[in-house]
Structure formats: C-alpha cells, structure tokens
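The next block holds one structure in the form of structure tokens; read it before the comments.
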Amino acid sequence: MIGRRLTALYDSRRRRNAIAKVLSLAATLFGLGWLVLILFALLWHGFGGLSLAVFTEMTPPPGSSGGLLNPIIGSLMLTILAVAIGTPIGILAGTYMAEYGRHDRLTSVVRFINDILLSAPSIVVGLFIYEVMVAPMGHFSGLAGGVALAVIVIPVVVRTTEDMLTLVPNSLREAATSIGLPRSMAITRICYRAARAGMVTGVLLAVARISGETAPLLFTALNNQFWSTNLNAPMASLPVVIFQFALSPYPDWQSLAWTGALIITLAVLALSVTARSLVASSKQP
Amino acid sequence: MEPTQRRSVVDVALQEGVIASVEAVTRAKVLDRLRLSDATFRHMTRAAAFGVLLLLGGVIVALIEGSLLALRTFGVGFLTTDRWNPVTEKFGALAPIYGTVVTSFIAMLIAVPVGLMIAFFLTELCPQWLRRPIGIAIELLAGIPSIIYGIWGLFIFAPFLQGTLQPFLIKTVGAAPVIGPLFTGPPYGIGMLTAGLILAIMVLPFVTSISRDVFEAVPAVLKEAAYGVGCTTWEVVRYVVLPYARVGVIGGVMLGLGRALGETMAVTFVIGNAHKVSASLLAPSTTISATIANEFTEAVGDLYTSSLIALGLILFVITFIVLAVARYMLLRIERRIG
C-alpha cells in the first residue's frame, strides 16, 4: 500500500520534472524563433532593394527611385559627433570612479545615477535636448541630434570604463608609483593600456546602441530630404527616414525603409559581435 | 701659477655649484609641471563624474520647467482625464498612462515566465558547448534596434495577428464572462495586445540574461546538497535556485519593466495612436512615449507642447522609480554574492 503510494509520488515528480524540461526547451526555441523570424523578414524584404543606388543616391520624392545616401551620411556624422562628445566625458568620469574615488560616496551615487541613465527612456533624452538646445536656438539642428545621442553614449562608456579599470590589478599601479610616475601618468600610460580592449568594447557597444536610436532624434536633428552636412541645420538620419518612409503609403518608400532597416541591423549586429569577440580575446591571455 | 690654479679650483667648485642649483631649479620646474598636470587630470575626472549627476539633474529640471505651463493649467486633473483635444486645447494624460501600463503589463506577463524558463534551460539543461551560442543569440535580440521591431511589427506581425490570433481570441475567449470584454471588438491587427506582445519579445533578453547570471551565481554546494537528497532538476530550480536568486530576478524583471515602459519606436508603429481608454486589449490605444513621438513636432501652441513635455515628465518619474528599485535589488544580491 505504502509502496504503491510512493511509486505514485515518484512518478508524479518525474512527470513534473519532464514537463518542466520540455517547457524550458520550448521557451528557448520560442525566444530564438523571434530572432530568426525578424532576421528572415529583414532579409526577405530588404535584400531585394539592396543595390549600389542605395549608397549613391539621395532620398527620392514619392513615386520615383532613389537611395539613402543623405541619411547614411547623416547617421555617420551624428554618430561620430556623439562619440566625440560622449567618449571623453564618459572615460574621465569612469576613471574618477575606478581610480581616484573608488570608495567615495560620490562614486556610489554616480554609479547609481549612471545605471538609471543607462536605461532611461530615450525619448525623454530627446525632450531634454529639445528644451535646452532646440528651443533656445530656435531651430532643429544636427548638432542637437549629436548631443542627444552623446547623452546616451555617456552612461554606456562610464559603466564599461569603470568596470574595466577596476579589473586592472593593483600591482601594476603600485609598480608605476614605485618608479616615481605621477598618478595621472600611471593611469593614462599603464591602466588605460591594460584596460584598452574593454574600453574600446564599451565605445563599440555605445555606437551599436545609438546607431539605431530614433526617438531622441525625432525632435532634435529632425530630418532632411536633401543633401546636407551642415550641423546647424536639420539633418537626415537612417532611423528617422525609416520611420517616415515605413509609415508612408508609398510602396517605393516602404521598400527603401526595409532596405534601410536591413543596413542598420547588419551594422548593429556586426558591431556587437566585434565588441563581444574583443572581450573574449582579451580574456584569454 | 699657484694662485691661478687655486682660483681655477674655486672656479670649478663655484661652477659646479651653479650647475647644481640650475639643475635643481629645472627639476623643481618639471616636478611642478607634473604636479599641475596631475592635479588637472584629477580635477577633470572629478568634474566629469559630477557631470553625470548634472545630466540627470538637467533632465529633471528641463522637464519640470517645460511642463510647468500644462501642470499649472490642468493641475492634478491632468492625470485623471482622458480628453486629448488639440483644437480646444484640453489635455489629459489618462489614456496614454493607461496604454503604457497595460502594454507593459502584457509584456511582463509573457516575458517573465518565458525568460525564467530560458534561464533554467541555459543553466541546468543545456549542453556546455551550446550555452554560449544560445546566450549570444538571445542577447542579439536585445541588440536589434527598436525601430526594426516597429517596422517588422507593422508589416508582418500585426497582419499575422489580425488574420489568426485575434479572430480566434474574439471567437473563443470573447464570449467568456469575466475576461470576455478584454477580447471584443474588430481585429484591427494593431492595438494594445500587439504592442504588448512586441514589447514582450524586446524585454525577454533582459529578463533572461539577468536571471541566468543570478542563477549561475547560486553556490554549487546548495544545488549539490539538493540533488544529494534526491531532488529532481525542476525541484532544485524551483525550491533552491529560485528562492536564493529571488532578489536578483526581481531586479532583472524591474529592469525589463523600465525598458517596456519607456520603449518608444516599436510601440509607436503598432499601437494605433488613439487617445481613449478602452477595456478591449484589441482596441487601438496610445502610450506616453508613442504620443510624444507622434505629436511633438506637429504640436502647435505652447500649451500643447507643454502638455507633451508633462507626459515625458510623468514617464520619467515612473521609470526612475522602477529603475531605482531594480538597481537597489540588484545591488543587494551583488553584495550577498560578492
């Protein structure tokens, strides 16, 4: 009697275990399935439109053919501007947190705030830059777009810089100090060099993050139908053009939007894979 | 000869003294310069660290300043009315807040169990060589820009739901007594349900990767002990791993929730931008971020712009609280493990 009850209990536990295992496998397939579906859709709809004209011609008016040259150049310029502004600030702040004030109250506060900025809604960043730059200047501009993206770059770089500098062994700093190097030199010549791969990864991740950002650009850089490299004027960017073209009723605009989406996705995936392999290769000495 | 010789010795001695003092001066100069550059560098890093704080302060001040006009005009009523009429300039935030909360809730309802199950698979069941590739693939899902989810959702996912899941839900669950009203109305394809499902896919990687990390941090001794007394894999995860990692998992879930609340582009494409509070999940609605994205550049008049910025302020306050709680939880588990 007891024996039978025990077998029944044992069976039900085993069954539950099997069900859980199957469910977890199903969940994993479910998660991976979306990645496959999205990438497949992008290739299916975007690959056909991929041609030389996409990279050499301007965005067309509805009903005619054209390319994505001005938004591609615009995106590149905005990204470079954002990295140029955001990286130095991010690296310096990360340096303070890891080197000078590792046990400061300021550091823990900055770390907490930085982590919140890291996942703050990007549209709010757009509103912020609109308030402090676009409204006082009186017009939309590529400069404002670049600064908005820089605000997104800073927390990413701060985080990776701090993490990577913390990993640098203290014996290196002690050796540098013992031969008489001042603190700043020990940091810039020794610690930065030791943490270089990780810090480059941080910048790459930041670039991957901003190259698809749309929300902060909508009301800072706005958009531009024409060729423009003037940072003081509205500037086209790939994500914003995709947004505009995809929601338009014109089939050729929609197909250009798909092609643009494919380009962005490939660029972002390439960047994050590179960043990952950099980290992986620096971990193996 | 002698005096000259002596003099020359004195000269040499004097000369050496001069050289030594010159050297000392230059050395002091170089040291001063080094000290100066050292201090400059130190102050620059400190200023940059303060800059991060200023950034957050700046965001808050700018949003409050921008929304002052709307908040003064409508008062607390801004939060509780669902009118949104640019013509008569009557604005209320209820509909966007409702849409934001409902879509995020749908997203978490799906992403949390699925994410936990994937973390379970990755830490306990998956063969070692497959762990890294699957982990990377899930994280790539997080790397895809939100605008891509938007265009995919609009052209592929929404029509698919319109043809399959939505008519099915209306036919079967729509007639049920309590939850029935959630699934009524015509299947538009776009709407809160679609937005929620897409958000679920976007949030999934965050929940998964953080749960996986905290699952992996559970001491092996605990798991081995549980296996030793005869627990099944599922029982080990359910009664040992999950309770131990609870705080971290909650942190990860809150982090994902923060993302879902603030997500803009993907939602803007598929939500339908309708300012109304409807019971049916299939109805088009709007969220805070989608409203701002859709209307900000076309907003005419100070009150309209200010109302949109006030929406942004509400969103920022909500996500700030959620993210702060998330970070606090993750900090707690880090301290325990570290």
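The values are calculated or read from the model by the stated rules, or taken from the named source; none is laboratory data. For clarity, every value in this text was computed on a predicted model and none was experimentally measured. With ideal geometry, Cβ positions are generated from the backbone for all residues, glycine too; neighbour counts draw on all protein chains shown.
What the table below lists for this structure:
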item	result
Top-ranked residue of segment B:62-91 - restricted to ones that are in contact with a helix residue (DSSP H, G or I) (Cβ under 6 Å, 6 or more places away or on another chain), away from every other protein chain (no Cβ under 14 Å) and closer than 17 Å to B:S289 by Cα, ranked as modelled with the highest pLDDT	B:F91
Entirely in segment B:108-217, the helices (runs of 4 or more DSSP H) that have 3 or more residues that are crowded, with 24+ Cβ neighbours inside 10 Å	B:146-152, B:192-216
Members of segment A:42-57 that are in a loop (DSSP other than H, G, I, E, B) and over 26 Å from the mean Cα position of the chain (by Cα)	A:G48, A:S51, A:E57
Residue check, A:G67 more than 14 Å from every other protein chain (Cβ to nearest Cβ) and surrounded by fewer than 16 Cβ atoms within 10 Å (Cβ to Cβ)	no
Condition broken by B:R246, with the remaining ones in (1) closer than 16 Å to B:M329 by Cα; (2) crowded, with 18+ Cβ neighbours inside 10 Å; (3) among the basic types (K, R) satisfied	(2)
Residues (within 7 Å of chain B (Cβ to nearest Cβ) and either of a type in the set (F, W, Y) or surrounded by 17 or more Cβ atoms within 10 Å (Cβ to Cβ) (or both)) located in segment A:259-270	A:A261, A:I264, A:T265, A:V268
Qualifying position, being within 23 Å of B:P187 (Cα to Cα) and more than 8 Å from chain A (Cβ to nearest Cβ), among B:A299, B:A310, B:A279	B:A279
Matching residues, segment B:223-242, being exposed (fewer than 13 other Cβ atoms within 10 Å of the Cβ) and on the phi < 0 side of the Ramachandran plot	B:E224, B:G228, B:V229, B:Y239
Failed condition for A:F219, given (1) touching a Phe, Trp or Tyr at 6+ places or on another chain (Cβ under 6 Å); (2) more than 10 Å from chain B (Cβ to nearest Cβ)	(2)
Elements of type helices (runs of 4 or more DSSP H) contained in segment B:221-338, each with 3 or more residues being within 18 Å of the chain's Cα centre (by Cα) and touching a residue at least 60 places away in the same chain (Cβ under 8 Å)	B:242-262, B:265-270, B:288-295, B:302-337
Among the residues listed as A:L37, A:L42, A:L50, A:L32, the single one being surrounded by 13 or more Cβ atoms within 10 Å (Cβ to Cβ), within 12 Å of chain B (Cβ to nearest Cβ) and in contact (Cβ under 8 Å) with a residue 24 or more places away in the chain	A:L42
Check on A:R193, among the basic types (K, R) and away from chain B (no Cβ under 12 Å)	yes
